[in-house]
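Down below is the structure, laid out as structure tokens.
Each reported figure results from applying straightforward, stated rules to the coordinates on display, with no laboratory input. Here the structure is a predicted model, which is why all the values come from computation and not from measurement. Every residue, glycine among them, receives a Cβ derived from its backbone with ideal geometry; neighbour counts consider all protein chains shown.
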Amino acid sequence: MPRFPGPVESRLPAVGTTIFTVMSRLAAEHGAINLSQGFPDFPADPALFELVSKHMRAGSNQYAPMAGAAPLREALVRKAEAGLGTAYDPEHEITVTAGATQAIYTAVTALVRPGDEVIVFEPVYDSYAPAIELAGATVVRARLRPPEWRPDWAEVRRLVTPRTRMVMINSPHNPTGGSWAAEDLDALAALTRGTGIVVVSDEVYEHLVFDGRRHESCARHPELRDRSVVIGSFGKTFHVTGWKVGWALAPRELMAEFRKVHQFVVFTVNTPVQLALAEFLEDPARYLSLPDFYQRKRDLLRAGLAASRFELLPCHGTYFQLAAYGRISDEPDAVLAERLTREVGVATIPVSAFYDTPPAGQRLLRFCFAKKEETLARACERLAKV
Ligand code: PMP
Ligand code: GLN
């Protein structure tokens, strides 16, 4: 076995394996129902597979253009214009990425310099802070508070300094299921007005909003769209998290810098899949039906847990439901999540994984409801006994 002949100084000394990998692995080891890592257990539309196969057979198997296959860039720009009312230029203002994770990493690497500060909102998706740290910048943490998980704008205002280079936001929000209101975007616009601050807006759950709410996108906001990199992902929208195809929309000046990095991180994304997605996007019903589809699953999970000792928090979007377990146990969430996987046969995500320092006494687990009805029913049956 090879051995590196010296010490390795880690660039990310505090980072281990992501909680999603840890819990999915534990679920597999114990044969537990996996409501931890966020992915559907049902298939995508077979028409999408036919399209990929068609483009492979037709010979579209070599490098796509660096910014993305033109039909996909054009389809995404049409989708943004129809849904959000903002015209982006497919030549200069969109890049197709290898998933949202790469888009986030690329945006931070391209636009944040050593010594800068980047504001994030805890609980925060796990990839943001490492990207900021690798750029040599400082992570500045604002707090979202239950049960609605919207920002305290007075707190955010206190965190802004002359070094603030970027604010990273995510709505609808993983893990809380919260979503920001139009006033939140107005507050962010007011806070950044007259500054060079860039907003990275992670909108991978843009179509997973419930109860008739509207997704408030930075791409729609008349001021924020000029300073935002807006990120989306087909993983959530078309039930193909394993395909890792996403995109970033931004004004030309920001996108030019984004592409300088993108071309050396992945250069370009899977060609036949891009062409298939472009065609699949031609029917907007394929994504406009998602709120009803997932709201039904949310309601099934909530109804199934209504009589349990878990206390359910509001869920306005995403495919995640938070549950407080104070009536069940005093254990830290990571300990309980592990025990439930082993003893009850249901894997979940401990919400403390989304914090640098979790709030004392916060006892929350995250359940993913992107699952078949029978999976949700079986999980609820087990969880009702806890
Ligand atoms: N951002 C958020 C908030 C997510 O929940 C996820 C994954 N579920 C991602 C980014 C990453 O998306 P992708 O799989 O397209 O990289
Ligand atoms: N975003 C998914 C989640 O929150 C997981 C993605 C991953 O495993 N990195 O569960």
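Yes/no matrix, rows are residues, columns are (1) of a type in the set (A, V, I, L, M); (2) touching a Leu at 6+ places or on another chain (Cβ under 7 Å):
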residue: Lys236; (1), (2): no, yes
residue: His239; (1), (2): no, no
residue: Trp243; (1), (2): no, no
residue: Ala248; (1), (2): yes, no
residue: Met255; (1), (2): yes, no
residue: Tyr287; (1), (2): no, no
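If I go through the stretch 154-173 residue by residue, how many of them are within 20 Å of the chain's Cα centre (by Cα) and either over 26 Å from Phe210 (Cα atoms) or away from ligand 1 (no atom under 16 Å from the Cβ) (or both)?
The initial filter retains those residues of the stretch 154-173 that are within 20 Å of the chain's Cα centre (by Cα), namely 166-173.
Going one step further and asking which of them are either over 26 Å from Phe210 (Cα atoms) or away from ligand 1 (no atom under 16 Å from the Cβ) (or both), we end up with 166.
Number of matching residues: 1.
So which of Arg78, Arg25, Arg113 ends up being out of contact with any helix residue (DSSP H, G or I) (no Cβ under 8 Å at 6 or more places or on another chain) and under 30 Å from Leu365 (Cβ atoms)?
Working: Arg78 fails: under 30 Å from Leu365 (Cβ atoms); Arg113 fails: under 30 Å from Leu365 (Cβ atoms).
Matching residue, one of Arg78, Arg25, Arg113: Arg25.
Among residues belonging to the stretch 175-206 that are over 22 Å from the mean Cα position of the chain (by Cα) and in a loop (DSSP other than H, G, I, E, B), point out the one that is surrounded by the most Cβ atoms within 10 Å (Cβ to Cβ).
Thr195
Would you pick out the residues in the stretch 373-384 that are closer than 21 Å to Asn174 by Cβ and surrounded by fewer than 23 Cβ atoms within 10 Å (Cβ to Cβ)?
From the stretch 373-384, those closer than 21 Å to Asn174 by Cβ are 375-376, 379, 383; that's our starting set.
Matches in the stretch 373-384: Thr375 only.
Considering only the stretch 322-345, I want to know if a residue exists there that is in contact with a strand residue (DSSP E or B) (Cβ under 8 Å, 6 or more places away or on another chain), part of a strand (DSSP E or B), within 16 Å of ligand 1 (Cβ to nearest atom) and closer than 20 Å to Ile19 by Cα.
Yes, there is a match, as at least one residue in the stretch 322-345 is in contact with a strand residue (DSSP E or B) (Cβ under 8 Å, 6 or more places away or on another chain), part of a strand (DSSP E or B), within 16 Å of ligand 1 (Cβ to nearest atom) and closer than 20 Å to Ile19 by Cα.
Applying the selection to the stretch 239-248, what residues are buried (at least 21 other Cβ atoms within 10 Å of the Cβ) and more than 10 Å from ligand 1 (Cβ to nearest atom)?
From the stretch 239-248, those buried (at least 21 other Cβ atoms within 10 Å of the Cβ) are 240, 243, 245-248; that's our starting set.
Once the filter is applied, which keeps residues that are buried (at least 21 other Cβ atoms within 10 Å of the Cβ) and more than 10 Å from ligand 1 (Cβ to nearest atom), the stretch 239-248 yields only Ala248.
Of the residues Ala337, Ala360, Ala347, only one is under 30 Å from Val140 (Cβ atoms) and buried (at least 18 other Cβ atoms within 10 Å of the Cβ); which? Give the steps one after another, and end with the answer.
On the way: Ala360 fails: buried (at least 18 other Cβ atoms within 10 Å of the Cβ); Ala347 fails: under 30 Å from Val140 (Cβ atoms).
Unique residue meeting the criteria: Ala337.
Identify all residues within the stretch 94-112 that are small (Gly, Ala, Ser) and away from ligand 2 (no atom under 16 Å from the Cβ); write none if there are none. So that I can check it myself, show each step before the final result.
Of the stretch 94-112, the ones small (Gly, Ala, Ser) are 98-100, 103, 107, 110.
If the condition is that a residue be small (Gly, Ala, Ser) and away from ligand 2 (no atom under 16 Å from the Cβ), then Ala107, Ala110 are the ones that fit.
Under the condition of being more than 7 Å from ligand 1 (Cβ to nearest atom) and under 13 Å from Val273 (Cα atoms), which residue from the stretch 221-238 is surrounded by the fewest Cβ atoms within 10 Å (Cβ to Cβ)? It would help to see each step written out before you state the result.
The initial filter retains those residues of the stretch 221-238 that are more than 7 Å from ligand 1 (Cβ to nearest atom), namely 221-232, 234, 237-238.
Checking which are under 13 Å from Val273 (Cα atoms) leaves us with 234, 238.
Numbers: Phe234: 28, Phe238: 22.
By that ranking, first place goes to Phe238.
Based on this model, can you work out whether Leu300 counts as touching a residue at least 40 places away in the same chain (Cβ under 8 Å), in a helix (DSSP H, G or I) and of a type outside the set (Lys, Arg)?
Working: touching a residue at least 40 places away in the same chain (Cβ under 8 Å): yes; in a helix (DSSP H, G or I): yes; of a type outside the set (Lys, Arg): yes.
Yes; evaluated as a whole, the condition is true for this residue.
Going through the stretch 123-136 one residue at a time, which ones are farther than 16 Å from Ser228 by Cβ, within 15 Å of ligand 2 (Cβ to nearest atom) and not small (Gly, Ala, Ser)?
First pass over the stretch 123-136, keeping only residues farther than 16 Å from Ser228 by Cβ: 123-127, 129-136.
When the remaining residues are screened for being within 15 Å of ligand 2 (Cβ to nearest atom), the result is 123-127, 129-131.
Result: Pro123, Val124, Tyr125, Asp126, Pro130.
Pairs under 6 Å by beta carbon, first residue within 22 Å of Trp180 (Cβ to Cβ) in the stretch 112-124, partner buried (at least 18 other Cβ atoms within 10 Å of the Cβ) and among the aromatic types (Phe, Trp, Tyr), six or more apart or different chains?
Val120/Tyr128; Pro123/Phe354; Val124/Phe354
Taking the residues in the stretch 27-46 that are in a loop (DSSP other than H, G, I, E, B) and aliphatic (A, V, I, L, M) as candidates, determine which candidate is surrounded by the fewest Cβ atoms within 10 Å (Cβ to Cβ). If you could, list the steps in order and put the result at the bottom.
Going residue by residue through the stretch 27-46, those that are in a loop (DSSP other than H, G, I, E, B) are 31-32, 35-45.
Remaining after also requiring aliphatic (A, V, I, L, M): 32, 35, 44.
Values: Ala32: 23, Leu35: 30, Ala44: 16.
Out of the qualifying residues, it is Ala44.
Do any helices (runs of 4 or more DSSP H) entirely within the stretch 213-297 hold 1 or more residues that are closer than 15 Å to Gly99 by Cα, out of contact with any strand residue (DSSP E or B) (no Cβ under 7 Å at 6 or more places or on another chain) and touching a residue at least 60 places away in the same chain (Cβ under 8 Å), and if so, which? It would help to see each step written out before you state the result.
Values: elements: 234-237, 252-265, 271-280, 285-288.
Because the criterion is at least 1 residues that are closer than 15 Å to Gly99 by Cα, out of contact with any strand residue (DSSP E or B) (no Cβ under 7 Å at 6 or more places or on another chain) and touching a residue at least 60 places away in the same chain (Cβ under 8 Å), the helices (runs of 4 or more DSSP H) in the stretch 213-297 that meet it are 234-237, 252-265, 271-280.
State whether the residues of the stretch 135-153 include one that is closer than 22 Å to Arg11 by Cβ and within 12 Å of ligand 1 (Cβ to nearest atom).
First, pick out the residues of the stretch 135-153 that are closer than 22 Å to Arg11 by Cβ: 135-141.
Okay, now just the ones that are also within 12 Å of ligand 1 (Cβ to nearest atom), so none.
No, every residue in the stretch 135-153 fails to be closer than 22 Å to Arg11 by Cβ and within 12 Å of ligand 1 (Cβ to nearest atom).
Restricting attention to the stretch 18-52, and to residues there that are within 15 Å of ligand 1 (Cβ to nearest atom) and of a type in the set (A, V, I, L, M), which single residue is farthest from Ala347 (Cα to Cα)?
This residue is Ala44.
Consider Phe49 carefully, then state whether it is under 24 Å from Pro284 (Cβ atoms) and part of a loop (DSSP other than H, G, I, E, B). Before you say what the answer is, go through the steps one by one.
Working: under 24 Å from Pro284 (Cβ atoms): yes; part of a loop (DSSP other than H, G, I, E, B): no.
Taking the combined requirement at face value, the residue does not satisfy it.
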